[in-house]
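What follows is a set of notes on a single structure, which appears directly below.
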Amino acid sequence: GTEVALEIVGYWTPEYLAEKFRKLGRVRGPNLLVAVRQSLALQAATLPATVLPFKTRILLRDLLPRLEAFRR
């Protein structure tokens, strides 16, 4: 099977997130999915595919398609 690490970001600064997203764009290693509160997620249109925005909780219906994408 495929392993995916999930990092949940709930309380970080916009600067931290911008740097995290920049690093995610360069990573070619382990499968990593980052869940970020929508209030912190800046503009959803600019988020990498490896970032999953959420409001108050991570919903399985939103998470599963992102996890399935790592299998391909």
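The values are calculated or read from the model by the stated rules, or taken from the named source; none is laboratory data. All figures in this text were calculated on a predicted structure; none of them were measured in a lab. Please note: Cβ atoms are built from the backbone with ideal geometry, for glycine as well, and neighbour counts cover all protein chains shown.
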Legend entry - the stretch 31-54 - residue that is β-branched (Val, Ile, Thr) and at pLDDT 80 or above and, of those, nearest to residue 72 (Cα to Cα): 50
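Does residue 18 qualify as being modelled with pLDDT of 85 or more, of a type in the set (Gly, Ala, Ser) and surrounded by 10 or more Cβ atoms within 10 Å (Cβ to Cβ)? Don't jump to the end; show me each part of the working.
Working: modelled with pLDDT of 85 or more: no; of a type in the set (Gly, Ala, Ser): yes; surrounded by 10 or more Cβ atoms within 10 Å (Cβ to Cβ): yes.
In short, no.
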Legend entry - Close pairs from the stretch 47-72: first without any contact (Cβ under 8 Å) to a residue 12 or more places away in the chain and of a type in the set (A, V, I, L, M), partner part of a helix (DSSP H, G or I) and surrounded by 10 or more Cβ atoms within 10 Å (Cβ to Cβ), Cβ under 8 Å, at least 6 apart: none
Inset, instruction - Would you mind finding the one in 57, 28 that is of a type in the set (D, E, K, R), modelled with pLDDT under 85 and either surrounded by fewer than 16 Cβ atoms within 10 Å (Cβ to Cβ) or in a loop (DSSP other than H, G, I, E, B) (or both)? - result: 28
Legend entry - Residue, modelled with the lowest pLDDT, within the stretch 60-72, restricted to residues that are over 25 Å from residue 18 (Cβ atoms) and among the basic types (Lys, Arg): 72
